Amino acid sequence: MTDFKRVFVDTAPIIYFLENSSLYMKAMGNFFVKCKKEHIQIVTSTLTIEEYLVSPYSNGKMEYVDNFKKFIEYMNIEVVDIDSVIAEQGAKIRGKYKSFKAMDALQIATAIIKKCDMFFTNDKQLRQEKELPCMTMEDI
């Protein structure tokens with residue numbers, strides 16, 4: 001893993017960890033232990049909350065909702081609201097990278113505006129964005 005002190009974590013890595021993905025559980029556990037131990041600030045946006053909670057609410061799995069909230073609190077994750085500054089940065093990103101979806105551009109924009117030094121996702125396409133280093137599951 002690359003050295004970083006402030007990392008934006010996209011939705012997928014959180015899903016893999018909280019839902020015990022057999023493929024990524026160990027790596028994600030190590031990642032979150034590293035962040036906690038080395039006082040690495042994890043940042044995400046309110047979009048992650050919306051994306052993560054869709055499945056638990058649609059499947060009536062309230063324990064997943066509770067676990068998610070406890071995880072955010074335990075890891076002291078900074079959850080950022082999307083505002084007009086982030087929205088404009090997202091528009092610039094989508095203007096440059098035509099294939100990026102709005103949600104992805106807003107996630108990256110949040111990381112840039114909040115001065116993260118790493119963007120952690122499992123969407124390899126997002127590595128195209130060069131203003132911010134991007135790490136995927138393969139990297140850990």
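Quick note: the coordinates plus some simple rules give every number you see, no bench work behind them. This one's a predicted model, so the numbers in the text were calculated from it and none came from an experiment. Don't worry about glycine lacking a Cβ; one is built from the backbone with ideal geometry, like all the others, and counts go over all protein chains shown.
Data table
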| quantity | calculated |
| --- | --- |
| Neighbour-count ranking [beta-carbon atoms within 10 angstrom, fewest first] of Glu73, Glu88, Glu78 | Glu73, Glu88, Glu78 |
| Estimated Rh, the range 63-116: Kirkwood, alpha-carbon pairs, angstrom | 12.3 Å |
| Given Lys98/Lys124; Lys70/Lys96; Lys34/Lys96; Lys36/Lys92; Lys26/Lys98, the pairs whose alpha carbons are separated by over 27 Å | Lys70/Lys96; Lys34/Lys96; Lys36/Lys92; Lys26/Lys98 |
| q = 0.21 Å⁻¹: log10 I(q)/I(0) that the Debye formula gives for the range 6-134, counting C-alpha atoms only | -1.30 |
| Which of Leu47, Leu23, Leu132 has the fewest Cβ neighbours within 10 Å, and the rest in rising order | Leu23, Leu132, Leu47 |
